[in-house]
């Protein structure tokens, strides 16, 4: 699965279930890259104590896999001992999904597919990936997850499982976080009921409702048994003595109530209040009654919560990329990783050996969001601009001034703006640049 | 260790953890299956409509978070040499993942 598809699936899973789980559990030796997957949130088994981040004592997931693939994947043993036992939970997930989508169930080929259960656990102080078949009775794979850093080698329980849990809004005490479905479904149901009532009312207004017919008109029973366009034809006995030419009466209809519309808007606003994703998130005001200040305040509040959700998604990405890098450290070995880099309109190929992109020391991963970076960048540009007059007047020409002006140029964020073209290196800077390769090779410079 | 011996040793622990985890999430799993059946169904009775607030919100959240570009940056404790290596790691994450 591509990275964009993976992120889309994570957001969709969170929308419906409040949780998404990814795993990096394999290595493509041909492409020299880790293999990751998004797991079915309804097939995972979570440590009850895990409701925030991905630290857990154990983790499990049920999967349906082709017997052929299992036989041809390194690490699996005793594949011939696997029977046709199917996981009832996986069957129920499949049925629920097929029912919901109006699809006929696909009869699975009993011989061709097997249900397996991956369980990550701690055994004798080390972390293990174990895979089970035959309803968790037969162990078909057991791999110790290797320690990598010095700290992990000293204490193997520090090793992380290669599982990442992504929650848009973590919920205290719950393995699942808060989904969009949790937040809006009750409002959706209520608004749907009101809308359907309005629909009935509008249809009756358009077609007319029940019609009452004076039985002195002598209309035959066959006509009476038919429906009027909007309702029934109901014979009544009129003993008021009024003439028969007034003998057809339509049911009195009430004008549509504006209260229903008001109620729908109110419910929709409440739903937006819980998700904080509304038209206002995009700077659009639906109601003409709000002042500019009110709209700005609402938008700021909504933005803060959206930033919180975005940061929660980024935390999951951080854990994913940590596991990704770790997989390179463990599996890259010899050989080269080929990448094609797209820069300034051209593509160049670059091949890298392990020591060229895997460092010996401690490595930290930072995940950046371009939209949030842009907001921060604009703020910093304005602050720098405010200081520029004062600073430039008091700076001597040379490194400090050059650096300040280059930073100001970078913060403009103008595409293809190359600040080095306008502020060129002075002698000290050229010397420092020339010394850099020597410093990289730990050669002392004069 | 022989896999059959490992199986004997690991099975009680795995069974205990599976049961603990499964019993904890079972009611929520059921509820979520019902939600799926409810929100994904399109075969409504004739003449009825469903105001689909959920899909609207999902689309807005997808639009907000997928149009944003995510960058991956690695930092090493190995000083200048580490810095150069980490620049390559950034490239691998961006172009080779």
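Where a number appears in this text, it was derived from the coordinates with a stated rule and is not lab data. Since the structure is predicted, the reported quantities are computational estimates derived from the model, not experimental observations. Glycine also receives a Cβ, built like all others from the backbone with ideal geometry; neighbour counts cover every protein chain displayed.
If R0 is taken as 51 Å, the Cβ-Cβ distance between residue A:351 and residue A:199 corresponds to a FRET efficiency of 0.20. Under the simplified labelling scheme, the residue B:94-residue A:252 pair shows an inter-label distance of 7.5 nm, with each label point 7 Å from Cα along Cα→Cβ. For chain A, the longest principal axis of the alpha carbon atoms and the long axis of helix A:88-100 meet at an angle near 60°. Packing here is the average count of other Cβ atoms within 10 Å per residue, and on that basis the peptides A:48-58, A:4-14, A:182-192, highest first, run A:182-192, A:4-14, A:48-58.
Could you work out, residue by residue across A:391-399, how many beta carbons of other chains sit within 10 Å of that residue's beta carbon, and then give the average as an integer? Before the final figure, lay out the partial values.
Numbers: counts 0, 0, 0, 0, 0, 0, 0, 0, 0.
If you average over the peptide's residues, the count of other-chain Cβ atoms is 0.
Partner shielding of A:25-33 amounts to 1, given as the average count of beta-carbon atoms from other chains within 10 Å of each residue beta-carbon. Taking each residue as 0.36 nm, the span from residue A:69 to residue A:242 lengthens on full extension beyond its C-alpha to C-alpha distance by 53.6 nm.
In what sequence, highest mean first, do B:61-68, B:4-11 appear when ranked by Cβ atoms within 10 angstrom?
Working: B:61-68: 16.6, B:4-11: 14.0.
Packing proxy ranking, top to bottom: B:61-68, B:4-11.
Model label sites at residue A:407 and residue A:171, defined 7 Å from Cα along the beta-carbon direction, differ in position by 4.6 nm.
Defining a contact as two alpha carbons under 8 Å apart and six or more residues distant in sequence, what relative contact order in percent does chain A show? The partial results should precede the final answer.
Numbers: 562 pairs, mean separation 59.2, N = 446.
Once divided by the residue count of chain A, the mean separation gives 13 percent.
For chain A, the longest principal axis of the alpha carbon atoms and the long axis of helix A:180-207 meet at an angle near 30°. Centroid-to-centroid, using Cα positions, segment A:374-396 and segment A:70-131 are 59 Å apart.
For segment A:65-192, what is the relative contact order in percent, using Cα pairs closer than 8 Å and at least 6 residues apart in sequence? Walk me through the numbers on the way to the answer.
Details: 145 pairs, mean separation 23.3, N = 128.
Reported as a whole number, the value is 18 percent.
Distance from the C-alpha centroid of segment A:1-32 to that of segment B:1-38: 22 Å, rounded to the whole angstrom. Axis angle, to the nearest 10 degrees, between helix A:427-440 and the longest C-alpha principal axis of chain A: 90 degrees.
Taking label positions 7 Å along the Cα-Cβ direction at both residue A:419 and residue A:391, the computed distance is 0.8 nm, reported to one decimal. Peptide A:189-198 shows a mean partner chain C-beta count of 3 within 10 Å per residue C-beta.
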